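Structure first, then comments.
The values are calculated or read from the model by the stated rules, or taken from the named source; none is laboratory data. All values derive from a computational prediction rather than experimental measurement. No Cβ is skipped: glycine too gets one built from the backbone with ideal geometry, and neighbour counts run over all protein chains shown.
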Amino acid sequence: MKRILFTLALSVGFLSVAQISSSGEWLGNNDLKGNPYILASDEHMELTKESIAAYNESDVEKELTFYSNKMVERTKEFSTNWHSELKKVTNEPWAMIPVQVKGSDNVHMLVWSNESREWNNGSTQKLSLMEVFIFDKDKKIDGFVQWRSYDSDNEFGLPAGGKFYGKNENEYAGRKLVFSNRGEVEVIESLIENYNKMDGSACQDLFAEGAIFDTYDGQRVELTEGFFDAYFENFESLEWKAYGIVPLKIENTDPESGVIVTASEKRVSKDGTIWDKELVEQFYFDLNGKIKYVEQWTRDKKE
């Protein structure tokens, strides 16, 4: 009798577990907010596998057959260009879960994978991916979101690299560098545009009060109010052309940044003198996004 009761209890317990049909919660700000997730049909998993197989074969036309018309319009050009640059790509999923928010027609196909890429130019890359393929009610992929984690041995694409030393001993020596994205590129582009137009006021607005400029020939200039207007009075024309703009900061420090600008500059003075050089300049930005210090190096142009 005890054995029968024990077996019955186990059966009830297993049935209770099996009866769990939903879990989690959608927290998006819409009518479905608060609804749980439910498992969706494995058919979406099979369709995703087929689309990934087409991706690995670089068969763009076949890959696009799994997409909605709207998705095809958004991605066809990108997909074509992407695969034209790749010699080989291999995506290997290691987990796939089809889910949908209760009450929604859309299915979210959650996919974890490892991907290796080899470009026609010889570059290689490995990364781990977490992706969401969003299927509409017609079982077509209508959206796609991706998160990635890069292999630390990658040749490029890492979020940090290089190493900062500094001119003197400091607490940051040895830290990696990261790209900064606080509008520095736009500021430099604006500076170049207004410098070439010889708009002193517009140039001055981009600099912090008391900014310092160490020139290529050893002079130190304080960029006080009116400096640019007085400077531009000497020239018939100015032509500053950037080759590259690279905004960097030291990893895990405050938002102050430095921007390396390589360029050429031609100055035609009102007395007819022509100054024509190639430049390397470093612009240092303060916490308010203003340029506080510039140092400059030049060389004669090479034919």
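Scanning the stretch 103-110 for residues that are in contact with a helix residue (DSSP H, G or I) (Cβ under 6 Å, 6 or more places away or on another chain) and either touching a residue at least 12 places away in the same chain (Cβ under 8 Å) or more than 30 Å from residue 43 (Cβ to Cβ) (or both) turns up at least one hit. I'd like to check something: does the stretch 63-70 contain any residue that is closer than 30 Å to residue 152 by Cβ, surrounded by fewer than 14 Cβ atoms within 10 Å (Cβ to Cβ) and in the same structural domain as residue 144 (by TED's automatic domain parsing)? The answer is no, given that none of the residues of the stretch 63-70 is closer than 30 Å to residue 152 by Cβ, surrounded by fewer than 14 Cβ atoms within 10 Å (Cβ to Cβ) and in the same structural domain as residue 144 (by TED's automatic domain parsing).
Within the stretch 41-62, the residues that satisfy the criterion of being closer than 14 Å to residue 139 by Cβ and either touching a Pro at 6+ places or on another chain (Cβ under 9 Å) or of a type in the set (A, V, I, L, M, F, W, C) (or both) are 41, 42, 43, 44, 45, 47, 48, 49. The set of residues from the stretch 121-138 being among the charged types (D, E, K, R) and touching a residue at least 60 places away in the same chain (Cβ under 8 Å) comprises 136, 138. Scanning the stretch 45-78 for residues being closer than 16 Å to residue 133 by Cβ and in contact with a Leu (Cβ under 7 Å, 6 or more places away or on another chain) gives a total of 2. Just so you know, in the stretch 255-266 the residues that are under 20 Å from the mean Cα position of the chain (by Cα) and surrounded by fewer than 16 Cβ atoms within 10 Å (Cβ to Cβ) include one that is farthest from residue 281 (Cα to Cα), and it is 255.
Among the candidates 178, 107, the residue that is buried (at least 17 other Cβ atoms within 10 Å of the Cβ) and within 18 Å of the chain's Cα centre (by Cα) is uniquely 178.
Could you check the stretch 175-202 and list, in sequence order, the residues that are touching a Ser or Thr at 6+ places or on another chain (Cβ under 9 Å) and charged (D, E, K, R)? Residues satisfying the conditions are 175, 182, 184. Has the stretch 227-236 got at least one residue that is crowded, with 17+ Cβ neighbours inside 10 Å, free of Cβ contacts under 8 Å to residues at least 40 places away in the same chain and not polar (S, T, N, Q)? Looking for residues that are crowded, with 17+ Cβ neighbours inside 10 Å, free of Cβ contacts under 8 Å to residues at least 40 places away in the same chain and not polar (S, T, N, Q), one finds at least one in the stretch 227-236, hence yes. Kindly evaluate residue 204 against the criterion of being without any contact (Cβ under 8 Å) to a residue 60 or more places away in the chain and within 30 Å of residue 167 (Cα to Cα). Criteria met by residue 204. Within the stretch 267-293, the only residue that satisfies the criterion of being surrounded by fewer than 16 Cβ atoms within 10 Å (Cβ to Cβ), in contact (Cβ under 8 Å) with a residue 24 or more places away in the chain and of a type in the set (Val, Ile, Thr) is 268. If the condition is being among the β-branched types (Val, Ile, Thr) and within 27 Å of residue 159 (Cα to Cα), then the stretch 94-130 contributes 111, 124. Taking the stretch 163-218 as the range and being over 23 Å from residue 255 (Cα atoms) and in a loop (DSSP other than H, G, I, E, B) as the test, the residues that pass are 197, 198, 199, 215, 216, 217, 218. Of all residues in the stretch 211-220, those being closer than 19 Å to residue 187 by Cβ and without any contact (Cβ under 8 Å) to a residue 40 or more places away in the chain number 0.
You will find that of 90, 80, 65, the residue that is of a type in the set (Ser, Thr, Tyr), within 17 Å of residue 136 (Cβ to Cβ) and at pLDDT 95 or above is 65 and no other.
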